[in-house]
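Structure, as structure tokens:
The values are calculated or read from the model by the stated rules, or taken from the named source; none is laboratory data. What you are looking at is a predicted structure, and each value in this text was computed from that prediction instead of being measured. Methodologically, a virtual Cβ is constructed for each residue, glycine included, from the backbone with ideal geometry; neighbour enumeration extends over all protein chains shown. Heads up: the accessible areas ignore ligands, DNA and RNA and are worked out on the full protein's heavy atoms, side chains in. Shrake-Rupley method; radii C 1.70, N 1.55, O 1.52, S 1.80 Å.
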Amino acid sequence: NNTRQQRLRSEETSTMTKLLRSVSFLLYATVRVQSNDNGLAQTPPMGWRSWNQFGQNVNQSLMISIMHSMVHRGRVDHNGIPTSLCDLGYCDAGLDDNWQACHSPLAAPGMNYHDVNGYPIVNTSSFPDLRIMVDTAHSLGLKAGFYGNNCICSDNCRNETECEMQISADVDAFINWGFDSWKLDGCGGENNLTLFDTYLRERLPDKPILVENCHWGEEAYDPDPSLPPREGCPFNFYRSGGDNQPNYEAILGELAMLEKYRARNMSIPGCWAYPDMLEVGVRLDDANKTIALSQAESRSHFGAWCVVSSPLFLTHDLRDEDVNDHIWSIISNREAIAVNQAYAGDSGGVYEQVPPPVETNTENYMEMKSSGATSSILRRRILGDFNNFNTISQLPSYQYLSKPLGGGKVAILLMNTFTESQMLEATFEDVPGLSTCENGYMVRNVWTHTDEGVFETTWQVLVDGHDA
């Protein structure tokens, strides 16, 4: 699903700030969508997924070794306390695509990995016993995530009866293997998410299942505020756009596509909008196996996902100590994670950017290119067609994000999208939810875990290129 592009950046410093003050917030008066009522994902889910780093190169041994890495306390947090990823909240170990036996001789006519009864056929050479894999996760205190409606050798059921049979059998297999969460992709024919939810509730009345709707921001699969929760949001988080990529421009594009959901207050506890998995620490498939994002870009990426209340799913090789050296201080930042997990009526998003985003289409591309705009062009993937592009946006020179945290706190992220350093400034009166405070505003640096001091009207900082 993902193509890899090399974009190596220099390591740079950054500052993410929280502005504290004692005033009431201007929150939404009405929630526009009702969340799934299964009780899960009251805060953005966290964990690890196999796709971005490993793609189709997955097997049971790899998954079990990753699970052990998730609970290993081989590093310390900023307080010097031995800490595992699960201690920080990353406790869902998720298998992605390519567990299935593609083109199995046991498959039903016209299908690739479902038999005549609709039951999924596993590639037992790579995954000899999924139940053992899941039991291993549980023995380590982890949740085990599964993947369905697969993209590799997808099965496109041809009518309602056949699709319902396959969904029913997939749910039975999911239950038999003991999984706890389920990423449902958009490539096959099993797209009735309400039916998945119904079968899971009926057959697992005492075990709610965390479900990801991975339909790339297609409107047909968005939450529907006109329906009751079990129909309007029969999942716990949903993709707001196409697949993320391990480069800075793609990350900004995912943020831009998320904003329409935030603007309508459609990213809420139990039903979060999701700009896809994290790319921090992912290595490119090049001769040098380059770490795709610099530390500066990784900070920007992780910080932005925290401020917009995105689910946080790591995807790098957790066993790679060089990568862990590169990103540990970022992904283990408890204050940044606390920003992500907080919710006070607004999921967070952009409140200022220069220039504002300019949407265009492919017909305008050559005109923009001839006008010298090539350095500020972002191409976004067509949903479902990962070899073409249909949307182009102009990148802002900077953008500021904010999120109310409750208890008199607001998180702010100042993002420098230029490649060169520039001075960024938070003007307090422009920050949503902040009002006049005669005694000034206390600014805390989340990255360094230090208080910057009290400031009256603005706070300025020199931010390196692609940092935040």
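Quick look at the numbers
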read-out: Burial ranking of peptide ranges 51-61, 414-424 (average Cβ count within 10 Å, highest at the top); value: 51-61, 414-424
read-out: Protein accessible area in the range 402-462, 1.4 Å probe - carbon and sulfur %; value: 45
read-out: Using alpha carbons only: equivalent-ellipsoid semi-axes of the range 397-468, gyration tensor based, whole Å; value: 21, 13, 12
read-out: Residue-span extension gain [GLU231 to LYS289] - 0.36 nm each, minus C-alpha spacing; value: 16.5 nm
read-out: Heavy atoms of ARG283: accessible area, 1.4 Å probe, square angstrom to 10; value: 50
read-out: Rounded percent of accessible protein surface that carbon and sulfur make up, the range 50-134, 1.4 Å probe; value: 52
read-out: Total formal charge among the other residues, if their Cβ is under 11 angstrom from that of ASP320, Lys/Arg +1 and Asp/Glu -1; value: -1
read-out: Cβ crowding within 10 Å averaged over residues, with 292-304, 197-209 ranked highest first; value: 292-304, 197-209
read-out: Accessible area per residue, Å², the range 102-206 with all protein chains present, probe 1.4 Å; value: 42
read-out: Spacing of the two label points (7 Å from each Cα toward its C-beta) at ASP325 and GLU218, in nm; value: 4.4
read-out: Alpha carbon centroid spacing (whole Å) that separates the range 292-338 from the range 103-134; value: 35
read-out: Heavy-atom accessible surface of the range 252-359: percent carbon and sulfur, 1.4 Å; value: 54
read-out: Student exercise, the range 239-278 dipole from Lys, Arg, Asp, Glu Cβ charges, in Debye to nearest 20; value: 260
read-out: Contact order normalised by residue count of the range 160-213, Cα under 8 Å, 6+ apart, percent; value: 49
read-out: Only Lys, Arg (+1) and Asp, Glu (-1) charged, at Cβ; the range 35-151 dipole about Cα centre in debye; value: 200
read-out: For peptides 82-88, 248-254, sequence by mean Cβ density within 10 Å, most packed first; value: 248-254, 82-88
read-out: Vicinal HN-Hα couplings computed from phi for the range 180-187 (Karplus, 6.51 cos²θ - 1.76 cosθ + 1.60; Hz; Gly/Pro x); value: 10, 9, 8, 8, 9, 7, x, 8
read-out: Additional length obtainable on full extension of the chain from HIS138 to GLN422, 0.36 nm per residue less Cα span; value: 97.5 nm
